[in-house]
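Beneath this line is the structure, given in structure tokens, with notes to follow.
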Amino acid sequence: MSDQLRYRQIHLDFHTSPHIPGIGEAFDKQKWQQTLKAGHVNSVTCFATCHHGMAYYDTSFGNKHPELTFDLLRAQFDACKEIDVNVPIYLTAGVNNWAAYEHPEWREVGCDGRYGGWTSNITDPGFQSMCFNSPYLDLLVEQIKEVAKLFPNCDGIFTDIIHQGQCCCKWCLATMEEQGLDAAKETDRLIMADLALEKYYVATTAAAKFYDSDMPIFHNSGHLSTASRDRLKYFNHFELESLPTGGWGYDHFPMAAKYCTQLDFDFLGMTGKFHTTWGEFGGYKHPNALRYECAAMIAMGAKCSVGDQLHPCGELDESTYNIIGAAYREVEEKEPWCDNVKSIADVGLLSSIAVNRSTARESNADTGAGRILLESHILFDVLDCEMDFAPYKLLVLADDLQIYDELKAKIDRYLATGGKLLLTGDSGLNADKSGFLWDIGAEFSGASEFSPDYVLPIPELQPEFTSSPMVMYMRANRIKVTTGRSLGKIYEPYFNRTFRHFSSHQHTPYKTEASEYDCGVLNGNILYLAHPIFSTYRGFGAVAYKAYCQKALKMLLDDDITVTSNLPSTARLTLNEQPEEQRYILHLLYANTINRGGVMELSGGNTEEKARTIEVIEELLPLHNTEVKLNLDREIKSVTLEPQGRALPYQLDNGLLTLKVDEFTCHQMIVLNYA
């Protein structure tokens, strides 16, 4: 087994119906190896079992695919190892249709009596959810142990669909009874679900390591939650599933990566070769999209994984590996500047999911804040409550964080050492929302009775293209500035829109006189904005909202910003350090995304209900005359463009380093050597 993840991995899906004949009959070792080499691939996750419950190796505990006449996993494994390609091994966990059919009593059962699964009706095609508190877990454990014994030199175990619903099967009902939990209460059913998940993590992790305590394991639940720190002990690394065209979008991965860089784990970004998402045969995204996605992964400290789906015949698709190869060839050239890096950041975004212990994949507040920071090219990390706040010049608490006593004390210590705090919406309010936890320099008068309302910020915070009140679609808190500095006024509408009184098509216009309430306040190291501006930006995307928030961020940072540039908002910028190599690596990324497709009725697979718009990358257009200014802690001795190996001129003025890149396409690394 390797100690580190490799940069160029394939996640080779193989969910194959028992009704398909000729499984693996076209597998050819030499062609398999040639195709992987053409794709510059050095790691492939191969399947032991799939969601259908089929096994692709000689098993004593599962159900080998009835149309498979040999040990396909062994053939794939040996072919890969011959050419020094790593092989982690995949097992389905949370869904298993064969087990569901043979043992329906092991399935998840909702409190409404319906079986859990990915379908509504028993006649719908789809996969069935299994309960980890049932004897199904025993079967899963035996399968994992069997694979670990048969393939002792595999490069890890990958288990999938790690999710437990509010199950009321007979085993969960019995456990709830033993634990004094009431199955009629959703809160207690959620506690039971968490108990079942913990049971799963303990048992499967032990199974993977039964023969070798160093065997890596990754448990995939589709995302890495900032609220699940207590489960990190069961992981050896992370794989951040984030298919931009598959429903995640292009802003999901950066947020996950900016959290993962602060954990002591190696991690992969996982995209897909598909135009849509998992399970798509014959779907191909444009090679330029994959080039950009892989560049974004390595720019943010991750290794790369591309999802593919093997045809039942067992032959790798030539077109797919030509597309992947175009991206992985570039990754291979850039690896030396991407290994063992640490993120450089000015801002710490304290995750609302972590603070509020949410089970959601994302929050509007976090997503909106991340988008504004990414589009503003402000360096930031995503933090949970246990991480160190001290390295950051500014801590952002976006919209809805429910601050508890221990966290309040930690933030107080951060402020006492000169840290700065940006609060928005309900963040910073006490538990009963009767006032603020910190002195923001203003009185609190509760939530506004009006929604929407309007803000007219002070000139320093106004978007460059507006000087009139702008509509705010989400409800504000009312504040009256006392000892702080007002950041502008709120203008209230004549009335809320109801059937009794309304005006025009949408909402009521504002009164011509400002209200007595302020839209924000600056008091020392704390800046507060009365609206949930980040969630509002997430929902409506108005450029004026972003400009308002950008200027508030920069006002609080007081221009103490590590990197500034003239990049467009659609570009991305990250700064990493390689301490062992004594250098910084500045990554510039740029691609045009466009929404294509549209809502229409279709049939088949994941598109059965409706097609939707998909964010697509096709052309990669060059950016010209990119200027970057850096305020770094170390004296820079030389600057080069990599992997070109070309020296780049720069200027130093009072510690501020200025450089210009005449032209780049998709991704450019700029290496700043301080040795």
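The values are calculated or read from the model by the stated rules, or taken from the named source; none is laboratory data. All of these numbers come straight from a predicted model, not from anything done at the bench. Quick reminder, even Gly has a Cβ in these numbers, built from the backbone with ideal geometry, and neighbours come from all protein chains shown.
A few comments on the model shown:
- In summary, SER120 fulfils each of the numbered conditions (1) farther than 20 Å from GLU186 by Cα; (2) touching a helix residue (DSSP H, G or I) at 6+ places or on another chain (Cβ under 9 Å); (3) not assigned by TED's automatic domain parsing to the domain that holds LEU268 with the single exception of condition (2).
- Candidates in region 269-326 are the residues that are assigned to a helix (DSSP H, G or I) and among the hydroxyl-bearing types (Ser, Thr, Tyr); of these, the one that is surrounded by the fewest Cβ atoms within 10 Å (Cβ to Cβ) is SER319.
- Of the residues making up region 363-402, those that are surrounded by 24 or more Cβ atoms within 10 Å (Cβ to Cβ), in contact with a strand residue (DSSP E or B) (Cβ under 9 Å, 6 or more places away or on another chain) and outside any strand (DSSP E or B) are ALA365, ASP366, ALA369, GLY370, LEU373, ALA398, ASP399, LEU401.
- Complete set of residues in region 200-240 that are closer than 22 Å to ASN133 by Cα and among the acidic types (Asp, Glu): ASP230
- When we screen LEU529, LEU573 for residues that are crowded, with 18+ Cβ neighbours inside 10 Å and in contact with a His (Cβ under 7 Å, 6 or more places away or on another chain), the only hit is LEU573.
- In region 242-272, residue farthest from MET300 (Cα to Cα) [restricted to those that are charged (D, E, K, R) and modelled with pLDDT of 95 or more]: ASP266
Let's see how each residue does on (1) in contact with an Asp or Glu (Cβ under 6 Å, 6 or more places away or on another chain); (2) within 19 Å of ARG357 (Cα to Cα); (3) of a type in the set (Lys, Arg); (4) touching a residue at least 24 places away in the same chain (Cβ under 8 Å):
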site: ILE191; (1), (2), (3), (4): no, yes, no, no
site: ASP194; (1), (2), (3), (4): no, yes, no, yes
site: ALA208; (1), (2), (3), (4): no, no, no, yes
site: MET215; (1), (2), (3), (4): no, no, no, yes
site: HIS219; (1), (2), (3), (4): no, no, no, yes
site: GLY222; (1), (2), (3), (4): yes, yes, no, yes
site: ASP230; (1), (2), (3), (4): no, yes, no, no
site: LEU240; (1), (2), (3), (4): no, no, no, yes
site: LEU243; (1), (2), (3), (4): no, no, no, yes
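- Region 491-518, residues that are basic (Lys, Arg) and either farther than 27 Å from LEU461 by Cα or in a strand (DSSP E or B) (or both): ARG497, ARG500
- From the list ALA326, ALA354, ALA360, the lone residue that is in contact with a helix residue (DSSP H, G or I) (Cβ under 9 Å, 6 or more places away or on another chain) and touching a residue at least 40 places away in the same chain (Cβ under 8 Å) is ALA354.
- Test: PHE465 is in a strand (DSSP E or B) and surrounded by fewer than 21 Cβ atoms within 10 Å (Cβ to Cβ): no
- Within region 239-261, the only residue that satisfies the criterion of being over 12 Å from the mean Cα position of the chain (by Cα) and buried (at least 24 other Cβ atoms within 10 Å of the Cβ) is THR245.
- Contacts under 7 angstrom Cβ, first residue in region 635-656 being over 26 Å from PRO336 (Cβ atoms), partner in a strand (DSSP E or B) and of a type in the set (D, E, K, R), 6 or more apart: LEU656/LYS629
- Which listed residue, of ASP84, ASP28, ASP58, ASP71, is surrounded by fewer than 21 Cβ atoms within 10 Å (Cβ to Cβ), in contact with a strand residue (DSSP E or B) (Cβ under 8 Å, 6 or more places away or on another chain) and closer than 30 Å to GLN4 by Cα: ASP58
- Contacts under 7 angstrom Cβ, first residue in region 329-346 being part of a helix (DSSP H, G or I), partner among the charged types (D, E, K, R) and modelled with pLDDT of 95 or more, 6 or more apart: GLU330/ARG291; VAL331/ARG8; GLU332/ARG8; TRP337/GLU642
- Residues considered: GLU375, GLU330. Of these, the only one that is under 20 Å from the mean Cα position of the chain (by Cα), outside the structural domain of GLU580 (by TED's automatic domain parsing), over 26 Å from SER228 (Cα atoms) and modelled with pLDDT of 95 or more is GLU375.
- Total residues in region 269-293 satisfying the condition of being out of contact with any helix residue (DSSP H, G or I) (no Cβ under 8 Å at 6 or more places or on another chain) and aliphatic (A, V, I, L, M): the figure is 1.
- Restricted to region 1-105, the set of strands (runs of 3 or more DSSP E) holding at least 3 residues that are under 33 Å from the mean Cα position of the chain (by Cα), in contact (Cβ under 8 Å) with a residue 12 or more places away in the chain and more than 29 Å from CYS167 (Cβ to Cβ) comprises 8-13, 43-47.
- Some residue of region 351-362 being assigned to a strand (DSSP E or B) and aliphatic (A, V, I, L, M): no
- Tally, over region 218-261, of residues that are in a helix (DSSP H, G or I), touching a Phe, Trp or Tyr at 6+ places or on another chain (Cβ under 8 Å), under 30 Å from VAL141 (Cα atoms) and not aromatic (Phe, Trp, Tyr): 3
- Of the candidates LEU422, LEU415, the single residue that is crowded, with 23+ Cβ neighbours inside 10 Å and outside any loop (DSSP other than H, G, I, E, B) is LEU422.
- Among residues of region 532-561, those that are buried (at least 24 other Cβ atoms within 10 Å of the Cβ) and out of contact with any helix residue (DSSP H, G or I) (no Cβ under 8 Å at 6 or more places or on another chain), counted: 0
- The residues on offer are MET215, MET192, and the sole one that is part of a helix (DSSP H, G or I), of a type in the set (A, V, I, L, M, F, W, C) and either within 24 Å of HIS11 (Cβ to Cβ) or within 27 Å of the chain's Cα centre (by Cα) (or both) is MET192.
- Filter result for ASP155 (acidic (Asp, Glu), under 26 Å from THR205 (Cβ atoms) and in the same structural domain as GLY24 (by TED's automatic domain parsing)): yes
- Among the candidates ILE23, ILE89, the residue that is surrounded by 21 or more Cβ atoms within 10 Å (Cβ to Cβ), closer than 30 Å to VAL341 by Cβ and touching a Gly at 6+ places or on another chain (Cβ under 8 Å) is uniquely ILE89.
- Criterion violated by ASP264 - all others in (1) buried (at least 19 other Cβ atoms within 10 Å of the Cβ); (2) part of a loop (DSSP other than H, G, I, E, B); (3) not basic (Lys, Arg) satisfied: (1)
- Any hit, region 348-358, residues being out of contact with any Asp or Glu (no Cβ under 8 Å at 6 or more places or on another chain) and surrounded by fewer than 20 Cβ atoms within 10 Å (Cβ to Cβ): yes
- In region 162-171 there is at least one residue that is in a helix (DSSP H, G or I), out of contact with any Leu (no Cβ under 6 Å at 6 or more places or on another chain), modelled with pLDDT of 95 or more and surrounded by 15 or more Cβ atoms within 10 Å (Cβ to Cβ).
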